[in-house]
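*Asks:* I have a structure I would like to understand better, so I am pasting it below and will then ask my questions one at a time.
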Amino acid sequence: MAHYMRGLRFLFIAVSALSSVNAIPNGITLFDPAGDFDYQIGGSFTPASSVTTVSRDKDDSPAPGLYNICYINAFQSQDGDDKTWWEQNAANLLLQKNGKLVIDPDWDEYIFNTTTAANRNALAVIVEPWIDECASKGFNAIEPDNLDTYTRFSQLTKADNLAFARILSDYAHSKNLAFAQKNTAELQAADKTTGGFDFAIAEECAVYNECSAYTALYGNHVLEIEYSDNGIDYFNQACAALGAQIPINYRNRNVTPKGVDMHC
Ligand SMILES: *[C@@H]1O[C@H](CO)[C@@H](O)[C@H](O)[C@H]1NC(C)=O
């Protein structure tokens, strides 16, 4: 099955290359959509031999010889350990309500306040060194998480988050790193251009029936993750719908090294 799907995927890519939707900046490379993808942001492990692309946390090391994507939290603080640092050094750059810092209740993370140019520039001074770290470790691309904070917190706007994304994508591109649109299926082609995104990483798009929103903008340069707590049916549907075109990874929700890890 896996070989059959990869063969199909290769054929699709050969045909669709004729009408490529992506204009990639000079010096930037994208992953090979014909290979499999492993989402390893909850801890790294040696991938199956069919895997050619991985995403790992910036504190991890790249997988030798593969296309490596570096995960950073670019629109909220990283869970847990650095909350005190943010409180002490950059509370004025975080979303506040009634004099208190706003928290993402799911992850216990503070939300970046991107609403002014001064805030965005000051936040970039904090985030760009993380991109430097990814570049010096040898990663090929950046996965900036939580672009969608503006859909969850009404004090933020799409335009301001895209403006911040653009500062970071320009910076990543200057280091020869590709830059992903993470989730946020409602974005349009004009938003892709504004943000400077090169490819997409989509979680659970089969569950929410929005995978085609990503392939419409990025062709086969979309990496899809479906989670096992939603059930295997969504993964099987995802493989039937897009397994011949894009890499799809089935994982346990916490993406831990010893967890579920399957490919179409
Ligand atoms: C966001 O930052 C701006 C500039 O410091 C500030 O005026 C505004 O009150 C902040 N908004 C929220 C919701 O924290």
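*Asks:* When the residues of region 92-139 are filtered to those that are within 10 Å of the ligand (Cβ to nearest atom) and touching a strand residue (DSSP E or B) at 6+ places or on another chain (Cβ under 7 Å), which remaining residue is farthest from Thr53 (Cα to Cα)?
*Replies:* Leu101
*Asks:* Regarding region 156-173, can at least one residue be identified that is among the polar types (S, T, N, Q) and out of contact with any Phe, Trp or Tyr (no Cβ under 7 Å at 6 or more places or on another chain)? If you could, list the steps in order and put the result at the bottom.
*Replies:* Step one: filter region 156-173 for residues among the polar types (S, T, N, Q), giving 157, 161, 169.
Checking the rest, the ones that are also out of contact with any Phe, Trp or Tyr (no Cβ under 7 Å at 6 or more places or on another chain) come to none.
The answer is no, given that none of the residues of region 156-173 is among the polar types (S, T, N, Q) and out of contact with any Phe, Trp or Tyr (no Cβ under 7 Å at 6 or more places or on another chain).
*Asks:* With in a strand (DSSP E or B) and closer than 21 Å to Ala124 by Cα as the only criterion, which of Ala180, Ala163, Ala200 stands out?
*Replies:* After ruling out the rest, the residue left standing is Ala180.
Residue-wise test of (1) part of a helix (DSSP H, G or I); (2) open to solvent by 10 Å² or more (accessible area, probe 1.4 Å); (3) over 24 Å from Lys192 (Cα atoms).
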| site | (1), (2), (3) |
| --- | --- |
| Ala213 | yes, yes, no |
| Asn220 | no, yes, no |
| Leu223 | no, no, no |
| Tyr234 | yes, yes, yes |
| Ala240 | yes, yes, yes |
| Asn249 | no, no, no |
| Arg253 | no, yes, yes |
| Thr256 | no, yes, yes |
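*Asks:* Kindly establish whether Asp82 is at pLDDT below 95 and open to solvent by less than 70 Å² (accessible area, probe 1.4 Å).
*Replies:* Numbers: at pLDDT below 95: yes; open to solvent by less than 70 Å² (accessible area, probe 1.4 Å): yes.
Yes; evaluated as a whole, the condition is true for this residue.
*Asks:* Is it fair to say Asn140 is over 19 Å from Thr29 (Cα atoms) and buried (at least 17 other Cβ atoms within 10 Å of the Cβ)?
*Replies:* Taking the combined requirement at face value, the residue does not satisfy it.
*Asks:* Please count how many residues of region 140-149 are more than 12 Å from the ligand (Cβ to nearest atom) and assigned to a helix (DSSP H, G or I). Can you show your working first?
*Replies:* To start, the set of residues in region 140-149 that are more than 12 Å from the ligand (Cβ to nearest atom) comprises 140-148.
Cutting the leftovers down to assigned to a helix (DSSP H, G or I) gives us none.
Result for region 140-149: 0.
*Asks:* On to the next question. Got at least one residue in region 189-199 being in contact with a Leu (Cβ under 8 Å, 6 or more places away or on another chain), basic (Lys, Arg) and under 17 Å from Cys70 (Cβ atoms)?
*Replies:* no
*Asks:* Okay, moving on. So is Phe153 touching a residue at least 40 places away in the same chain (Cβ under 8 Å), of a type in the set (A, V, I, L, M, F, W, C) and surrounded by 19 or more Cβ atoms within 10 Å (Cβ to Cβ) or not?
*Replies:* The answer is no for Phe153.
*Asks:* All but one of (1) at pLDDT 95 or above; (2) within 18 Å of the chain's Cα centre (by Cα); (3) assigned to a loop (DSSP other than H, G, I, E, B) hold for Lys192; which doesn't?
*Replies:* (3)
*Asks:* Within region 60-68, is even one residue under 18 Å from Glu203 (Cβ atoms), more than 16 Å from the ligand (Cβ to nearest atom) and buried (at least 16 other Cβ atoms within 10 Å of the Cβ)?
*Replies:* No, because not a single residue in region 60-68 is under 18 Å from Glu203 (Cβ atoms), more than 16 Å from the ligand (Cβ to nearest atom) and buried (at least 16 other Cβ atoms within 10 Å of the Cβ).
*Asks:* Here's something else I'd like to know. Could you check Asp106 against (1) touching a helix residue (DSSP H, G or I) at 6+ places or on another chain (Cβ under 8 Å); (2) open to solvent by 50 Å² or more (accessible area, probe 1.4 Å); (3) modelled with pLDDT under 95 and say which number it fails?
*Replies:* (1)
*Asks:* Ala190: hydrophobic (A, V, I, L, M, F, W, C), surrounded by fewer than 19 Cβ atoms within 10 Å (Cβ to Cβ) and within 20 Å of Asn146 (Cβ to Cβ), yes or no?
*Replies:* Against the criterion (hydrophobic (A, V, I, L, M, F, W, C), surrounded by fewer than 19 Cβ atoms within 10 Å (Cβ to Cβ) and within 20 Å of Asn146 (Cβ to Cβ)), Ala190 does not qualify.
*Asks:* Could I ask something else about it? Which is open to solvent by less than 20 Å² (accessible area, probe 1.4 Å) and more than 21 Å from the chain's Cα centre (by Cα), of Leu94, Leu101, Leu162, Leu147?
*Replies:* Leu94
The values are calculated or read from the model by the stated rules, or taken from the named source; none is laboratory data. Remember, it's a predicted structure, so these values are computed and weren't measured experimentally. Cβ atoms come from the backbone with ideal geometry, glycine included; neighbour counts cover every protein chain shown. For the accessible areas, the whole protein counts, side chains as well, though only heavy atoms, and no ligand, DNA or RNA atoms are used. Shrake-Rupley method; radii C 1.70, N 1.55, O 1.52, S 1.80 Å.
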